[in-house]
Amino acid sequence: MASFSPDAPRRASTWLGRGLLFIAAIFLLEHARPLLLPIAIAVVFTLVLAAPVRALRRAGIHEYVGAGLVIAAVLGLIVLVAALIAAPAAAWWSRAPIIVHELVESLQRWRDALFPYATPAPLARAPATAVIGVDPFNERLAIEGWTFTRLAIGETLSFAVSASATVILLYFLLASEQWLVARTTAAIRRPRTRALVLAGFRQAQRDVGLFISTMSLVNVALGIATGLALWLIGLPNPVLWGTTTAVLAFIPYLGPLLIAVLLLLAGSVTFGTGLAMLGPPAAFLALHGVEANFLSPMIMGHRLRLSPVFVFLSVMIWGWLWGVAGAFIAVPLLLGLRAVCKRSRRLRLVCVYLEGK
């Protein structure tokens, strides 16, 4: 006869409480996105940009001045890139309703070619007097144009507020990074715990900084190569597509897939529905295959290698919670988690799964 353990109800209630706490944390992360996302982005960029600020401090420049110089340099680079792609992006945006209409027609032609028997019979035409003075195409373009404009204004205002909050918080974190680390370690009484916390923070700082700097160089090279290939193919605005490739390539797995789909749509609009439309995505996929299988593993080595399963899960989870911005910072957050797990006995099993082969 099986014996009943008096601690079983207590263990069950403990696991139930942990499960409810985990679910509550998920809902908190989702609904507190406007507050937590700028904080997370600022913390990630602090890990990357703290090294230049410390170098300027060793050169005799105060932290507050050095943080301002580093942020000004980053913003200047962003403004330069935005200026290069502003005109092509504006041209594509102004043609967005027409492009949507052309894509719908292209999809209908593909459907008619692949499934000719599934096309419904055309309806009888209405009398000409019933549609006098009404242009359905122009009316549809006007509605779609207003919808695009309204969404663009709302998203622009939201992005401006979040970006401003992120930049201000990033400045204060960079300026007071050394002070925050010193106060945090001083508040920990046990010397061993203090050493583990400081070592974990520095390890996360090195790993995240190395990952972002390395991926930036690799993605810039991929964007330039993609832009040149698209220019040779004859796709308009190769600078815009090269920049889009360099940005979206920061999202593992889903970013390259999205780039391929966008290039397929651009090829369909530019070259029609023939085989020529496959040229832009095929060129990108060939270059991405070389980068993913040879260039990135050779540059990053074993130090930044993570389990592909957990990288994909991290991108899915953070993308679901915080959208595209969450997908961008998914891998840096995973690297930070790995640095913490390496120095905790209770979390070493998690670190074993996070490590790549």
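The values are calculated or read from the model by the stated rules, or taken from the named source; none is laboratory data. Note that the structure is a prediction, hence the values are computed from the model and not measured. As a convention, Cβ positions derive from the backbone with ideal geometry for all residues, glycine included, and neighbour counts pool all protein chains shown.
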Only one of ILE299, ILE317 that is over 19 Å from GLY209 (Cβ atoms) and either among the β-branched types (Val, Ile, Thr) or touching a helix residue (DSSP H, G or I) at 6+ places or on another chain (Cβ under 7 Å) (or both)
ILE317
Can you go through PHE312, PHE328 and tell me which one is surrounded by fewer than 17 Cβ atoms within 10 Å (Cβ to Cβ) and touching a Phe, Trp or Tyr at 6+ places or on another chain (Cβ under 9 Å)?
PHE312
Say whether the condition of being surrounded by 14 or more Cβ atoms within 10 Å (Cβ to Cβ) and not in a helix (DSSP H, G or I) is met by at least one residue in the range 186-194.
yes
Could you pull out the residue among GLY267, GLY274 that is touching a residue at least 24 places away in the same chain (Cβ under 8 Å) and more than 23 Å from ALA83 (Cα to Cα)?
GLY267
Residue by residue through the range 136-171, note down the ones that are surrounded by 15 or more Cβ atoms within 10 Å (Cβ to Cβ), at pLDDT 85 or above and not polar (S, T, N, Q).
ALA165, VAL167, LEU169, LEU170, TYR171
Matching residues in the range 160-184 - criterion: being free of Cβ contacts under 8 Å to residues at least 24 places away in the same chain and more than 25 Å from VAL65 (Cβ to Cβ)
ALA160, VAL161
Find the residue count for the range 15-47, including only residues that are at pLDDT below 90 and of a type in the set (Val, Ile, Thr).
2
When you look at LEU304, is it touching a Ser or Thr at 6+ places or on another chain (Cβ under 8 Å), of a type in the set (A, V, I, L, M, F, W, C) and outside any helix (DSSP H, G or I), yes or no?
yes
From the options VAL261, VAL269, residue that is more than 21 Å from the chain's Cα centre (by Cα) and farther than 14 Å from LEU222 by Cβ
VAL269
